[in-house]
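Q: Before we start, here is the structure in question, set down as structure tokens.
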Amino acid sequence: MIFVKSEEEIALMRESNAIVRDCLKFVGERIGAGMTTKDVDALVENFIRASGAEPSCLGYCGYPASACVSVNETVVHGIPSAEQVLREGDIVSVDLCAYKNGFHGDGARTFRIGKVSEEKEKLIRVTEECFFKAIEGLKADTPLYDIGYRVQQHAEANGFSVIRAYTGHGIGREMHEDPAVPNVGHRGTGVRLKAGTVICIEPMIAAGTFRVKVLPDGWTAVTLDGRPAAHYENTVVIREDGVEILTL
Ligand code: MF3
Ligand code: CO
């Protein structure tokens, strides 16, 4: 069932999501060549705990870390490792969730390590643009799959493909609530969103194939062709006249 949050609940979600927003900024200012993905996870865990929140990902379905740190061809759910060193030219998607006062916040960014290839630059830019295309005109009464339609149009117009195996989602007292929010779809279809519903819109876009496989660790999702992917996620409240973005 798709929840509609009260203004009191939304105020609490604003707080959890502000921690996510600030943590992503904090990581973006520090991430760099020579760090391990485990170092990135430590930054995230320390920041979230220092903010009086808990990292929602840690222990979620057995997930062993506070952040998902996904390098290059890893699309999502990269498990941080002390063996994986970031190098100039890598792109790194950092996805994190914070739980405070009974509510979760969720957001992701893809960061550049030093100078990256033109293709990776464009991939990051287009993935971010996909989010902003998705929220263009989004408001109460918009059909849910308009979101995926807009993401898909923009990604494919730029020669990229949309990951289908993972979706955005509702969020609140649980990290994943209804509805699933696919990044592909047909305009004018799906339930009509209501004011007060809170969802995560998270385009995951690949330079090559949208097909992925999960590594034997049970989490790490990589593109089948080994080409890079990017991820950009914000938590948004559907309003009568638009959206309120909680993680920007
Ligand atoms: N933050 C992710 C999302 O956008 C979920 C991470 S899965 C976990 O939905 F296991 F790491 F928590
Ligand atoms: Co999410």
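Q: Please compute the length gained on full extension between Glu8 and Glu118, using 0.36 nm multiplied by the number of residues separating them and subtracting their Cα-Cα distance. Don't skip to the end; give the middle numbers.
A: Working: separation 110, 0.36 × 110 = 39.60 nm, distance 4.46 nm.
Residue separation times 0.36 nm, minus the Cα-Cα distance, leaves 35.1 nm.
Q: Under a plain spin-label model, where a point goes 7 Å from the Cα along Cα-to-Cβ, how far apart in nm are Glu29 and Tyr60?
A: Here the answer is 2.5 nm between the modelled labels.
Q: What is the calculated FRET efficiency for Glu88 to Leu224, with r their C-beta to C-beta distance and R₀ = 25 Å, to the nearest 0.05? Can you show the working numbers first?
A: Values: r = 26 Å, r/R0 = 1.03.
Computed FRET efficiency for Glu88 and Leu224: 0.45.
Q: As an exercise, identify the GluC sites (Glu not before Pro) in segment 47-125 lying in DSSP coil whose Cβ has no more than 14 other Cβ atoms within 10 Å.
A: Passing both the DSSP loop test and the Cβ count: Glu83, Glu88.
Q: Return, for the Cα atoms of segment 79-125, the radius of gyration and Dmax in Å, separated by a comma.
A: When restricted to Cα atoms, segment 79-125 yields Rg and Dmax of 14.0, 42 Å.
Q: Kirkwood Rh over Cα pairs of segment 131-248 into Stokes-Einstein at 25 °C, 0.890 mPa s: D in µm²/s?
A: D = 168 µm²/s.
Q: Scan segment 52-139 for trypsin sites (Lys or Arg not before Pro) in coil per DSSP, keeping those whose Cβ has at most 14 other Cβ atoms within 10 Å, and list them by number. Walk me through the intermediate numbers first.
A: Numbers: sites: Arg87, Lys100, Arg109, Arg112, Lys115, Lys120, Lys122, Arg125, Lys133, Lys139; in loops: Arg87, Lys115, Lys139.
Of the trypsin sites (Lys or Arg not before Pro), the ones in loops of segment 52-139 whose Cβ has at most 14 other Cβ atoms within 10 Å are Arg87, Lys115, Lys139.
Q: Nearest 20 debye, what's the magnitude of the dipole of segment 7-245 about its Cα centre given +1 on Lys and Arg Cβ and -1 on Asp and Glu Cβ? The partial results should precede the final answer.
A: Details: 26 positive and 35 negative charges, 88 e Å.
Computed charge dipole of segment 7-245: roughly 420 debye.
Q: If you wrap segment 188-234's Cα atoms in a convex hull and average its projection over all directions, what's the area in nm²? Intermediate results must be reported in sequence, preceding the final value.
A: Numbers: hull surface 20.8 nm².
Its average projected convex-hull area is 5.2 nm².
Q: With charges set only on the Cβ (+1 for Lys and Arg, -1 for Asp and Glu), what does the dipole of segment 184-245 come to about its Cα centre, in debye to the nearest 20?
A: Taking the Cα centre of segment 184-245 as origin, the dipole is about 280 debye.
Q: While we're looking at this one, here's another question. Over what distance in Å are the Cα centres of segment 89-120 and segment 37-86 separated?
A: If you average the Cα positions of each part, the centres end up 10 Å apart.
Q: Rounded if a/c is under 1.5, else prolate if a/b is larger than b/c, else oblate: which is the chain, with a ≥ b ≥ c the root eigenvalues of its Cα gyration tensor? Let's see the in-between values first.
A: Details: a/c = 1.78, a/b = 1.17, b/c = 1.52.
Oblate, because a/c is 1.5 or more while a/b does not exceed b/c.
Q: Of the trypsin sites (Lys or Arg not before Pro) in segment 165-205, which ones lie in a loop per DSSP and count no more than 15 other C-beta atoms within 10 Å? Present the calculation step by step, with values, prior to reporting the outcome.
A: Working: sites: Arg173, Arg187, Arg192, Lys194; in loops: Arg173, Arg187, Lys194.
Taking segment 165-205 and a limit of 15 other Cβ atoms within 10 Å, the loop trypsin sites (Lys or Arg not before Pro) found are Arg173, Arg187, Lys194.
Q: Further question: Within segment 1-26, find all residues whose amide N lies under 11 Å from a label point positioned 7 Å from the Cα of Val191 along Cα-to-beta-carbon.
A: Answer for this model: 1-4.
Q: What are the ³J(HN,Hα) values, in whole Hz, obtained from phi via the Karplus relation 6.51 cos²θ - 1.76 cosθ + 1.60 with θ = phi - 60°, for each residue of segment 151-160 in sequence order, with x given for Gly and Pro?
A: Once θ is set to phi - 60°, the couplings for segment 151-160 become 4, 4, 4, 6, 5, 6, 4, 9, x, 9 Hz.
Q: Simple spin-label model, 7 Å along Cα-to-Cβ: Thr36 to Val214 in nm?
A: 2.5 nm
All of the numbers you see were taken from the coordinates with simple rules; none came from a lab. Since we're looking at a predicted model, the values are computed, not measured. Counting neighbours? That spans all protein chains shown, and the Cβs are built from the backbone with ideal geometry, glycine included.
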